[in-house]
Amino acid sequence: MLNIGRMAPGRADYYLTAVARGDEGGVEGYYLARGEEPGRWLGTGAEQLGLSGEVTGEQLRAVLDARHPATGDQLARHPARKVPGFDHTFRAPKSVSLLWALGDRQVAGQVVAAHDAAVDAAIGHLQRAAGFTRRGAGGAETVEVEGFVAAAFRHRTSRADDPLLHTHVLVANLARTCDDGIWRTLDSRKLYAHAKTAGVLYQAQLRCELTRRLGVAWQPVVNGHADIDGVDRGLIETFSRRRAQIVEHMASRGETSAAAAQTATLATRQAKGERPSEAELRREWAHRATRAGVRAGWQQHLLGRAAWQRPDLGALYETLVVEEGLTATSSSFTRREVLQQLAGQLPAGAPVTELEEAADAVIAHDPEQIVTLGASRGQLTAVDVIRRTDGRIVPAAAEEPRYTTKGLLLTEQRAINRSLDRHDDHLAAVDDHTLAPVLARRTLTDEQVAMVRRLTTSGAGVEVVVGKAGTGKTYALDAARNVWEASGIHVTGVALAARAALELEESAGIRSTTLARLLGQVDDHRTGSPLNPGSVLVVDEAGMIGTRQLARLLDHAEQQRVKVVLVGDPKQLPEIDAGGLFRALATRLPAIELTDNRRQQLQWEQAALDELRHGNPDTALAAYTHHGRIHTADTPQELRDRLVHDWWTTAKDDLPGSLMIALRRADVDELNHRARTKMATAGRL
């Protein structure tokens, strides 16, 4: 795992004062001393400044102040005093830290060597992939730099004194450009954009190193992370007291987000006092492990179980490209995603440089299979931003090429062309004698009338309805259903989620099912399929359906001569799988648009919803706050009390129309319990 954060001025002393100065010197000195080993210099930029070996305080303070460590001369024209550097923290999986902490001295030495090699390899990748600066008016020009000036400080424990092998790599906000040799600050957007990939590659190199050195085997890789096979989960939790503190703090506040975890980490952080020596720590760890059931020689059953083998590039290409692994959840990808997926396919890991070569080989393997996208196409199919741990969004640099697979492009293009060709299918069209009475009985806006008329009279095989929240899409669909059924035309609904299908059925009167169930029925030619010739299929929240699934559905509908009505909003929730087809159809077909918000009566609230829809949550939340729509409390319990009280104030007079919504099932259960208590007390249960 890799975390990245901006350094504040004056933070160099935090890392320097943690260093032990053992009287005996060498490895044994630091084993017995109370503190950490000294830092070491990394990076091509450090070499250019004559920095190598052990980090001294004067050297570190100089480079963080953009000065030459030997002469004191100012190097950068605009020294980055506000952000002197960036702290990249590489953390070994807990199982690796336990192997280091509970193994013998020889095993521990191999674990440390593997960790250091993985850190070096990951920083090397960051230098190659994210080593850039900006120059010119407004920093418009992105320029490559020669390398990082970095200092690595390896630490052994968490603040709760649990074993936690991790290294802080301080990358100075200082680098020399390749073309003109001038020292400038780094383009931090690149560092943030490539941080996840560097963390995944660190883990892959670490697994490779430990497999080669000690023969350990690995559990499956999940999100780039894997633990050593044979290390019990209970033992990991026993030695995760720091994580337990953070989780307990978050639970007490009813929080689950990454930003909340960051806050909890700071809130529960204890000041570092005098650190025990490693010898003292190991005695305490061994005692705790014995109480947890660990016996002497525990590490032996973990060693010698596997041998590292070079990955089969052909098999990886088959999985990622031919079997569409790279576009399973995103319709386009960069070299970063290729590296991440390659590492995820290798439980025993691989050297970073070999993964880089493999990624380049995958991209260049077959130009007929991998397609380079233009800037506009890439922006349509992916949002390339960086979300910091505090929740803020940082725009990512746009120069990185994006790719997709020929298979996905052909699937999308075929679906678009076939949908365009279905314009004159003459399906599910009714006459005005059937339409007019239904419209007369309903209160519809002009754009809703236009929508119902178009859907029921055009005869087109595929129709697209785009409407933002509150515009009455479902109410208009109910009217269209009424028209079709009055003409004897069968109408069926489908949605990605069962809850959405139920809502479509209850609100629009359209008998509905889930997309997975419907595709299963038609793929297996089961009886009872709702796709009957001449019928209508309404697809709700179509913007959430992946391209391949939606294309399959459109194929089946065309084969059965079924009219398809795709309803959704490309600017609401995105697809779970690789998507973009609904957005493309809405652009290329003559889409029906609903723009008049009928649900929110107040103009400010309509404007706030529009801000949310267009990706401006801060503006929307400011409006809700200004109008007293956001309520806060000091504790989760107070907030739940307030929420249930406000709900009951309206629910006792309008129970069906009063709702409480929560994110987590645990919160839903508690709110339901509180609600039932109030209802029982009032004799309303």
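Accessible area of the chain with a 1.4 Å probe: how many percent of it is carbon plus sulfur? Reported share for carbon and sulfur atoms: 49 percent. Taking amide hydrogens as placed 1.01 Å from N in the peptide plane, the amide H of residue 427 sits under 5 Å from those of 459, 460, each at least 5 positions away in sequence or on another chain. When the Cα positions of 680, 594, 645 are compared along the charge dipole of region 587-685, 680 comes out farthest toward the positive end, with charges on each C-beta of Lys, Arg, Asp and Glu. Computed extension length for residue 591-residue 223: 128.6 nm, one decimal, from 0.36 nm per residue of separation with the Cα-Cα distance subtracted.
Model label sites at residue 426 and residue 497, defined 7 Å from Cα along the beta-carbon direction, differ in position by 4.2 nm. What is the log10 of I(q)/I(0) for region 146-185, computed with the Debye formula using one identical point scatterer on each Cα and no solvent, at q = 0.15, 0.22, 0.29, 0.33 Å⁻¹? Once normalised to I(0) and log-transformed, intensities are -0.50, -0.70, -0.91, -1.01. Charging the Cβ of each Asp and Glu at -1 and of each Lys and Arg at +1, and nothing else, the dipole of the chain about its Cα centre rounds to 1380 debye.
Here, region 455-528 has an Rg and a Dmax of 13.2, 38 Å when only alpha carbons are counted.
Taking 30 Å as R0, compute the FRET efficiency from the Cβ-Cβ separation of residue 436 and residue 523 and round it to 0.05. FRET efficiency, residue 436 to residue 523: 0.15. Per-residue accessible area (protein heavy atoms, 1.4 Å probe) orders 631, 365 as 365, 631, starting from the largest.
In percent, rounded to a whole number, the relative contact order of region 595-685 is 15, using alpha-carbon pairs under 8 Å and six or more apart. Please report, to two decimal places, log10 I(q)/I(0) for region 54-173 at q = 0.18 Å⁻¹ as given by the Debye formula with identical point scatterers on the Cα atoms and no solvent. Summing over Cα pairs of region 54-173 leads to -1.00. Projecting the Cα atoms of 624, 557, 668 onto the charge dipole of region 549-681 (Cβ charges, centred on the Cα centre) puts 557 farthest toward the positive pole. Relative to the current alpha-carbon distance between residue 313 and residue 283, full extension at 0.36 nm per residue lengthens the span by 6.3 nm.
Modelled this way, with points 7 Å down the Cα-to-C-beta line, the labels at residue 71 and residue 613 are 6.1 nm from one another. Dividing the convex hull volume of the alpha carbon atoms of region 485-547 by its residue count gives 94 Å³ per residue.
Each pair of Cα atoms in the chain enters the Kirkwood radius, and Stokes-Einstein at 4 °C and 1.567 mPa s then converts it into a translational diffusion coefficient of 44 µm²/s. The angle between the Cα long axis of helix 547-559 and the main principal axis of the chain comes to about 30°, on a 0 to 90 degree scale. Note on region 515-653: Kirkwood radius taken over Cα pairs, Stokes-Einstein applied at 37 °C and 0.692 mPa s, translational D equal to 176 µm² s⁻¹.
Extending 7 Å from the Cα toward the beta-carbon at both residue 672 and residue 506 defines two label points whose distance is 1.4 nm. If you take all C-alpha pairs in region 573-646, what percent of them are over 19 Å apart? Here the long-distance tail beyond 19 Å is 61 percent of all Cα pairs in region 573-646. For the chain, the residue among 45, 507, 191 whose Cα projects farthest onto the positive side of the dipole built from Cβ charges is 507.
Taken along its three principal axes, the alpha carbon spread of region 274-336 comes to 53, 33, 20 Å, from the longest extent down to the shortest. Accessible surface of residue 659, taken over heavy atoms with a 1.4 Å probe and every protein chain present, rounds to 140 Å². Rounded to the nearest 20, the Cβ-based charge dipole of region 439-586 about its Cα centre (Lys and Arg +1, Asp and Glu -1) stands at 220 debye. The share of alpha-carbon pairs in region 464-582 lying farther apart than 17 Å comes to 52%. Kirkwood-type hydrodynamic radius, region 281-381: 16.8 Å, calculated from all non-identical alpha-carbon pairs. For region 550-641, the list of chymotrypsin sites (Phe, Trp or Tyr not before Pro) that fall in a loop by DSSP and count at most 14 other C-beta atoms within 10 angstrom is empty. Extension gain, residue 368-residue 571: 0.36 nm per intervening residue step, less the Cα-Cα distance, totals 69.9 nm. Accessible area per residue for the chain is 48 Å², calculated with a 1.4 Å probe on protein heavy atoms, without ligands, DNA or RNA. Taking all C-alpha pairs of region 168-237, those more than 20 Å from each other amount to 52 percent.
Based on C-alpha pairs under 8 angstrom that are at least 6 apart in sequence, the chain has a relative contact order of 10 percent.
Computed from the C-beta positions of residue 633 and residue 141 and an R0 of 51 Å, the FRET efficiency is 0.55 to the nearest 0.05.
Report note on the peptides 459-468, 289-298: ranked by the mean count of other C-beta atoms within 10 Å, highest first, their order is 459-468, 289-298. Can you tell me the orientation of helix 352-364 relative to the chain, as the angle in degrees between its alpha-carbon axis and the longest Cα principal axis, to the nearest 10? Result, in degrees: 30. What you get for region 547-667, charging only the Cβ of Lys and Arg (+1) and of Asp and Glu (-1), is a dipole of about 540 debye around the Cα centre.
The values are calculated or read from the model by the stated rules, or taken from the named source; none is laboratory data. Values in this document were obtained by computation on a predicted structure and should not be read as measured data. Please note: Cβ atoms are built from the backbone with ideal geometry, for glycine as well, and neighbour counts cover all protein chains shown. Just the protein is used for accessible areas: all its heavy atoms, side chains included, with ligands, DNA and RNA removed. Shrake-Rupley method; radii C 1.70, N 1.55, O 1.52, S 1.80 Å.
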